[in-house]
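Here is the structure we will look at.
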Amino acid sequence: MKVREAKEEQQIKESAKQIRDKKQDIKFDVRDYPINYLVSQYEKQEFYIPLEYQRNFVWSSNDRCFFIESILMGLPIPFMFFADTDDGRIEIVDGAQRTQTLVQFCQNDLELQGLQILKNSNGFLFEDLDPAIQRKFLNTNVRVVFLEEGTTENVRQEIFKRINTSGSRIKPAEARRGSFDGKFKKFLEDCVKNPLFNELAPRTKTTEDRYEGFELVSRFFAYYDNYESNFENYTGNVTKYIDEYVEEQNKKVEEDENIILKCRENFEKMLSYAEKILGKRGFRKSLTSKSTPRARFEALSIGIAIALKEKPDLPIREVTDWIDGEEFAKCTKSDAANNKNKLVGRINFVKNKLISGE
């Protein structure tokens, strides 16, 4: 362990002085606002969003529906931050996305879609809900940290910045590893430890700390196993699609452990063939790249696996001409990468090239 030198008395004094000088004198209290009141005040513009530093309304439909589902289930809502202003209105310092979502839902402008737990409510507007559920929803309290008069705009902006840049949102692979325990999930973790996989699909330390390898192998099996069904029920929500796949595979493996043997065989065959045609470069864009793009990995790994399935005696192909070509680059660029047609297109591009040998 590195031995640290003790701080000098003058350094300690300077540190303490700076902390005292910079410490914000912020007065606040905590209030509970029923959703009905929050929505009505926003509609009357008594509660407003300062566009000078707030984000645009960036939540997707999935984000909004997930938030509403959480409220309907009675889950706690993270604190919002509001503040008094000179003109007597209330500024929404943090909570704009949540507030606008609540307003949209209560105004019947948000149709619930893609709910993973309250599936019977998919397709519902607020007005479609049972009246008792509507009342309970409207009476649900939102807890607000209320910054009292005198809190400067600079301080409010600093609060917003720190709330929205601190921490790191959990990645799908992290959630999946923690949520879907089972034999198939453990098999996926074993695949991530495969030396050839790690050689061909390198990840940076930062991405691997967020289980990028687990994400890649999860996608490989979910897409490979659903290729023949043309990815039935796939809507572009990758997280939901793979979560449901892993959960279902965990159940199936309890009945038939041979599933894992077959999956392992397909995975290892794919890696062996990939090594032969891609060499040390593997799934990377170039030999010096330190990471593996997801769309590129999907195209190559699944394209190879499907080609081997359709043509078990597939010869070793020369891929240099097309793997660096404009058409393949277009197939694997990130724009609309999760679109179903794009997904099928990039997999078929590789599969057809390998089978035809062109």
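Tabulated data for the structure shown
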quantity: Value at 222 nm in deg cm²/dmol, rounded to 500, when DSSP H runs of n ≥ 4 in the chain each add -39,500 (n - 2.57); calculated: -16500 deg cm²/dmol
quantity: Axial C-alpha extent at least 24 Å, average Kyte-Doolittle at least -1.0 - helices from the chain (DSSP); calculated: 258-278
quantity: Ranked 191, 65, criterion: other C-beta atoms within 10 Å, fewest first; calculated: 191, 65
quantity: Loop-located GluC sites (Glu not before Pro) in region 225-273, at most 15 other Cβ atoms within 10 Å (DSSP); calculated: 228, 232, 257
quantity: From the C-alpha gyration tensor of the chain, square roots of 5λ in Å; calculated: 47, 29, 19
quantity: Cα-Cα over 18 Å, subset of 185/252; 280/353; 330/353; 185/280; calculated: 280/353; 185/280
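Throughout, read-outs are computed from the coordinates displayed, never taken from laboratory work. Note that the coordinates shown come from a computational prediction; the quantities given were computed from them, not determined experimentally. With ideal geometry, Cβ positions are generated from the backbone for all residues, glycine too; neighbour counts draw on all protein chains shown.
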